[in-house]
Amino acid sequence: MTGHDHDHHHHDHSELSETELRVRALETILTEKGYVDPAALDLLIETYETRVGPRNGARVVARAWSDPAFRARLLGDATPAIGELGYAGRQGEHIVAVENTHQLHNMVVCTLCSCYPWPVLGLPPVWYKSAPYRSKAVKDPRGVLADFGFELPDSTEIRVWDSTAEIRYFVLPMRPAGTEGWSEQRLADLVTRDSMIGTGLPKQPHEVA
Amino acid sequence: MEGAHDMGGVAWSGPVLPEPDEPVFHAEWERRAFAITLAMGMPGGWNIDMSRFARENRPPEEYLSKSYYEIWLAGLERLMLERGLVTADEIEAGKPLHPAKPVARTLSSDGVAAMLHRGGPTQREVRSPALFAVGNRVRTKMIHPPTHTRLPRYVRGHVGVVELLHGVHVFPDSNALGQENPQWLYTVTFDGRELWGPDGDASVKTSVDAWESYLEPA
């Protein structure tokens with residue numbers, strides 16, 4: 001058994017190395033042919049590892065919780081409203097914000113690939129791109145929520161948005177109780193990535209220091 | 001096309017497995033594959049629907065066994081091979097063997113922020129009135145194109161209600177073949193029972209975004 005496990009692990013490891021080598025060679029070919037600039041590649045990676053991620057979306061949500069006029073603009077036409085905070089562009093050219101209430105819970109999926117609102121959430125997590133989520137979200141969203149460890153009352157309607165076009169959906173979660181008078185910055189700390197996809201809820205006040 | 005990528009409602013057994021504190025990338029090669037793919041869009045000149053078709057148009061066993069960025073890589077290689085930007089013997093050898101093809105543009109580090117900010121808007125000028133209005137009942141057509149489509153199988157032939165109009169957008173089925181053919185785009189919402197029968201959850205409504213030529217009055 002141990003030997004088999006070891007072999008299996010070794011097999012996975014060499015497959016990874018093969019892909020690693022293939023990508024490295026491809027980058028060399030493309031660079032030497034003058035098609036790509038390695039400095040541009042570094043900047044693309046840095047952008048999505050350090051600048052564009054779910055903290056952007058959390059700021060949008062916190063502003064919507066704090067500023068009723070912004071909330072109205074966000075729900076009316078999300079792309080320019082989100083642009084007010086400086087978030088725009090690739091994979092967020094046409095954004096629609098949908099609001100959770102006690103009666104209605106929104107959840108976003110892309111059954112055909114991995115469409116996701118990059119400017120506000122960054123790149124999608126592996127589970128969002130996985131077969132179980134893409135297959136189950138449209139048929140059994142309550143089962144998906146159970147996989148994430150929570151359930152909604154039967155009386156709450158679930159609304160699933162399958163992102164089949166270039167419209168990107170962004171969930172505005174409900175503001176947790178007990179946060180009256182909180183600053184936008186404090187509120188943003190309550191906003192989780194999953195709460196803006198609809199597979200989670202914001203943190204409660206006692207969960208943040 | 002009827003590919004393994006069209007996953008809505010398929011009976012996969014496994015649970016969704018979120019990874020706590022997941023990193024943006026899981027390996028260095030994923031970083032490079034991601035960046036190469038974005039950067040090659042400029043010299044390559046393909047559009048997003050061509051990229052999607054290059055990724056999804058492969059045997060189910062291949063699509064399902066490759067990881068996400070392995071599929072990106074396979075799609076990118078196909079797009080470049082089709083256009084002669086790289087050749088099979090170069091990929092095999094892992095080094096350039098032939099002169100570069102002239103390309104119109106490349107992405108410099110100075111151009112990254114502007115390229116990302118510009119994105120690729122798909123909305124186009126309205127040239128004809130919308131056939132459907134909010135609240136109209138529509139049926140999705142039962143189509144099985146061998147090429148790229150964004151009408152998932154699980155909604156084909158079903159009746160839904162128009163919930164939103166998004167204006168006129170590039171039509172992916174033709175855009176993947178090089179023709180924008182922009183059309184009105186709608187959010188169409190379906191009841192759980194309409195899509196899944198008596199086993200469906202009546203408290204669930206699901207929508208897709210559907211171009212006008214996917215729809216007929218119901």
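Out of curiosity, is A:Ile82 within 30 Å of A:Glu180 (Cα to Cα), aliphatic (A, V, I, L, M), at pLDDT 95 or above and within 18 Å of the chain's Cα centre (by Cα)? Let's see the steps before the verdict.
Working: within 30 Å of A:Glu180 (Cα to Cα): yes; aliphatic (A, V, I, L, M): yes; at pLDDT 95 or above: yes; within 18 Å of the chain's Cα centre (by Cα): yes.
Yes: the conditions hold for A:Ile82.
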Original post:
Failed condition for A:Pro132, given (1) surrounded by fewer than 22 Cβ atoms within 10 Å (Cβ to Cβ); (2) farther than 22 Å from B:Ile71 by Cα, with all others met?
Top reply: (2)
Subject >> Matching option when the condition is more than 16 Å from the chain's Cα centre (by Cα), modelled with pLDDT of 95 or more and in a strand (DSSP E or B), among A:Arg186, A:Arg159 >> reply: A:Arg159
Original post:
In the set B:Arg193, B:Arg153, B:Arg127, which member is more than 8 Å from chain A (Cβ to nearest Cβ), under 17 Å from the mean Cα position of the chain (by Cα) and surrounded by fewer than 20 Cβ atoms within 10 Å (Cβ to Cβ)?
Top reply: B:Arg153
Original post:
Could we say that A:Leu112 is in a loop (DSSP other than H, G, I, E, B) and surrounded by 23 or more Cβ atoms within 10 Å (Cβ to Cβ) here?
Top reply: yes
**OP:** Determine the pairs where a residue that is charged (D, E, K, R), located within region B:51-64, has a partner that is part of a helix (DSSP H, G or I) with Cβ atoms under 6 Å apart, the partner being 6 or more residues away or on another chain.
**Re:** B:Arg55/B:Ile71; B:Arg55/B:Gly75
Subject >> region B:14-37, residues that are more than 8 Å from every other protein chain (Cβ to nearest Cβ) and either closer than 30 Å to B:Gly200 by Cα or within 21 Å of the chain's Cα centre (by Cα) (or both) >> reply: B:Glu30, B:Thr37
**OP:** Please state which of the following conditions B:Asn181 fails to meet, knowing it meets all the rest: (1) surrounded by 20 or more Cβ atoms within 10 Å (Cβ to Cβ); (2) closer than 30 Å to B:Arg83 by Cα.
**Re:** (1)
Original post:
Which of the following residues is within 20 Å of A:Ser163 (Cα to Cα), touching a helix residue (DSSP H, G or I) at 6+ places or on another chain (Cβ under 6 Å) and either in a loop (DSSP other than H, G, I, E, B) or hydrophobic (A, V, I, L, M, F, W, C) (or both): B:Val86, B:Val16, B:Val103?
Top reply: B:Val16
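Table: residues versus (1) hydroxyl-bearing (Ser, Thr, Tyr); (2) facing chain A (nearest Cβ under 10 Å); (3) within 27 Å of A:Tyr48 (Cα to Cα).
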residue	(1), (2), (3)
B:Val103	no, yes, yes
B:Thr106	yes, yes, yes
B:His117	no, yes, yes
B:Leu131	no, no, no
B:Thr140	yes, no, no
B:Thr149	yes, yes, no
B:Val162	no, no, no
B:Val170	no, yes, yes
Subject >> Failed item in (1) surrounded by fewer than 15 Cβ atoms within 10 Å (Cβ to Cβ); (2) within 23 Å of the chain's Cα centre (by Cα); (3) under 18 Å from A:Tyr133 (Cα atoms), with B:Gly3 passing the rest >> reply: (1)
Subject >> Test for B:Glu70: is it at pLDDT 95 or above and of a type outside the set (Val, Ile, Thr) >> reply: yes
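Per-residue answers, yes or no, for (1) within 20 Å of the chain's Cα centre (by Cα); (2) at pLDDT below 95; (3) closer than 20 Å to B:Ile48 by Cβ:
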{"position": "A:Ala69", "(1), (2), (3)": "no, no, no"}
{"position": "A:Gly76", "(1), (2), (3)": "no, no, no"}
{"position": "A:Ala88", "(1), (2), (3)": "yes, no, yes"}
{"position": "A:His94", "(1), (2), (3)": "yes, no, yes"}
{"position": "A:Ala97", "(1), (2), (3)": "yes, no, no"}
{"position": "A:His102", "(1), (2), (3)": "no, no, no"}
{"position": "A:Cys113", "(1), (2), (3)": "yes, no, yes"}
Original post:
Which is in contact with a Pro (Cβ under 9 Å, 6 or more places away or on another chain) and either more than 8 Å from every other protein chain (Cβ to nearest Cβ) or farther than 19 Å from A:Pro38 by Cα (or both), of B:Arg78, B:Arg52?
Top reply: B:Arg52
Original post:
What is the one condition in (1) in contact with a Phe, Trp or Tyr (Cβ under 6 Å, 6 or more places away or on another chain); (2) in a helix (DSSP H, G or I) that A:Gly143 does not satisfy?
Top reply: (1)
Subject >> Residues of region A:68-88 that turn out to be touching a residue at least 24 places away in the same chain (Cβ under 8 Å) and not aromatic (Phe, Trp, Tyr), as a count >> reply: 7
Subject >> B:Met42 of a type in the set (A, V, I, L, M, F, W, C), in contact with a strand residue (DSSP E or B) (Cβ under 8 Å, 6 or more places away or on another chain) and more than 7 Å from chain A (Cβ to nearest Cβ) >> reply: yes
Original post:
With respect to B:Pro121, is the statement that it is crowded, with 20+ Cβ neighbours inside 10 Å and under 30 Å from A:Pro80 (Cβ atoms) true?
Top reply: no
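The values are calculated or read from the model by the stated rules, or taken from the named source; none is laboratory data. Bear in mind the structure is a predicted one, so any value in this text is a computation, not a measurement. Positions of Cβ are generated from backbone atoms using ideal geometry, with glycine treated the same way; all protein chains shown enter the neighbour counts.
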